[in-house]
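Below is one structure, written out as structure tokens; comments come after it.
The values are calculated or read from the model by the stated rules, or taken from the named source; none is laboratory data. The structure displayed is predicted, hence computed values, not measured ones. Methodologically, a virtual Cβ is constructed for each residue, glycine included, from the backbone with ideal geometry; neighbour enumeration extends over all protein chains shown.
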Amino acid sequence: MNFALSEEQEFFKKTIADTVDKMIVPKAQEIDEKDEFPWELWREFTGLGYIGLRYPEEIGGMNADKIMCMTFYEEIARCSVGFAQSVIMNILMGTYFIFRFGSDGIKERCLYPAMRGERVATMCFTEDQSGSDLGATRTTAVKEGDGWRINGTKMWITNGPICDFCTVLATNDPAKGLKGLNFFLVEKGTPGFSSGQVLSKLGCRGTVTGELVFDNVWVPDEKFLGTELGKGVVYVGDILDEVRLMTGAMALGIARGAYAEAMEFAKKRVAFGKPIGNFQLIREKFAEMDTLMNAARLMVYYGAWLLENGMDCRVVAAEAKMYATEVCLKVVDELTRIYGANAFAYEYAPQRYFRDARFLLYGGGTHEVLRDFIGRSLIGKL
């Protein structure tokens, strides 16, 4: 297998790294401290066309391959994870089903403006009793005339309170469990559609996360996103591997940021008359972190290569997400140890990396759920 990036991939990697360094890194601390959506940065960054990363050039996208997508997710996550979440939601989950199933009119109204950063998108899965257990979805969609009547509440929705439109998962028959799930488009201004509680989060600050309420919301048949009823869970499966690999790539980005912070500190901090990087126990920490990060990177990008080439990567994607996350948690923990007591102060960066990394445990599936999935996949039916 050739591990070298193509000339195009190398150019893209350098370009997005330089863009992140110039535009996002200088504002990362401010975004975290204010915990407000950075509209000015959003307009500036999205104006560069990155929201169209994975979509065809003929509709204004970049037509990036999966390796380039992972490179983007990794780079943007190494500074402001909250901003990265909002951007990636527009790139991937918030627009995927509209690109795949939306009518020309819907794409003109929602997809293309979202690709330009002019509209904010989101995806609605999670409820108070359903996250990993999608079969327990309580939000209902009842056929009514030439449309659907939607009722329910979604929670932990990234971009939810500021979104211009959302793709919502609802059941047309709760008794059918997973086979009753479907996707619908709901746009801002639709009667009965509103924002509920806005969450104050431990980390990932700067992105706005909260509830979306669907109170007797009616949408026309055009806004049913799919080719036939009851295939929602199948459509979820079509994108889930990419979501898990994306989460793994974000874990790599956070780990890289934390590692760089630790390295800079170890070279400058003097104890017992010399920089602490001269001490064997500190060097051992960097050796272990570098080894773990390289192993995690191989897993994430191998999964991306499988996905790009149309090969089965369900187990690899789950393993990569889980392993890269655990590596990231290890690296941010070591950062706090290398920094010592200063890591406990809000004035220094380690606490931000430590807080931001926690979200990785939930995005793309909890590790308890993933371990069970991986084990069942490997053992098979007995």
> Which residue pairs have Cβ atoms closer than 7 Å, lie 6 or more positions apart in sequence or on different chains, and pair a first residue in the stretch 284-302 that is without any contact (Cβ under 8 Å) to a residue 24 or more places away in the chain with a second residue that is assigned to a helix (DSSP H, G or I) and surrounded by 13 or more Cβ atoms within 10 Å (Cβ to Cβ)?
Replying inline: TYR302/VAL316
> Within the stretch 50-59, can one find any residue that is assigned by TED's automatic domain parsing to the domain that holds ARG78 and under 30 Å from PRO350 (Cα atoms)?
Replying inline: yes
> In the stretch 1-60, what residues are of a type in the set (D, E, K, R), within 15 Å of VAL81 (Cα to Cα) and buried (at least 20 other Cβ atoms within 10 Å of the Cβ)?
Replying inline: ASP32
> Of the residues in the stretch 283-299, how many are charged (D, E, K, R) and over 27 Å from ASN2 (Cβ atoms)?
Replying inline: 4
>> For LYS143, only one of the following conditions fails: (1) over 21 Å from the mean Cα position of the chain (by Cα); (2) touching a residue at least 60 places away in the same chain (Cβ under 8 Å); (3) assigned to a strand (DSSP E or B). What is its number?
In response: (2)
>> Being assigned to a strand (DSSP E or B) and over 25 Å from LEU111 (Cβ atoms) narrows it down to one residue among THR167, THR153; which is it?
In response: THR153
> For the subset of the stretch 47-80 comprising residues that are more than 17 Å from LEU245 (Cβ to Cβ), in contact (Cβ under 8 Å) with a residue 40 or more places away in the chain and not in a loop (DSSP other than H, G, I, E, B), which member is nearest to the chain's Cα centre (by Cα)?
Replying inline: ILE51
> Is the stretch 118-129 home to any residue that is within 30 Å of ALA175 (Cα to Cα), in contact with a Phe, Trp or Tyr (Cβ under 7 Å, 6 or more places away or on another chain) and surrounded by fewer than 23 Cβ atoms within 10 Å (Cβ to Cβ)?
Replying inline: yes
> How about the stretch 190-210: which of its residues are within 20 Å of PHE97 (Cβ to Cβ) and surrounded by fewer than 20 Cβ atoms within 10 Å (Cβ to Cβ)?
Replying inline: THR190
> Do any residues in the stretch 250-263 that are touching a residue at least 24 places away in the same chain (Cβ under 8 Å) and over 18 Å from MET68 (Cβ atoms) have Cβ atoms under 8 Å from those of residues that are of a type in the set (Gly, Ala, Ser) and not in a helix (DSSP H, G or I), where the two are at least six apart or on different chains, and which pairs are they?
Replying inline: GLU261/ALA349
> In the stretch 319-346, what count of residues is obtained for those that are of a type in the set (Gly, Ala, Ser), on the phi < 0 side of the Ramachandran plot and over 17 Å from the mean Cα position of the chain (by Cα)?
Replying inline: 3
> Can you find even one residue in the stretch 20-42 that is more than 25 Å from TYR346 (Cα to Cα) and of a type in the set (S, T, N, Q)?
Replying inline: no
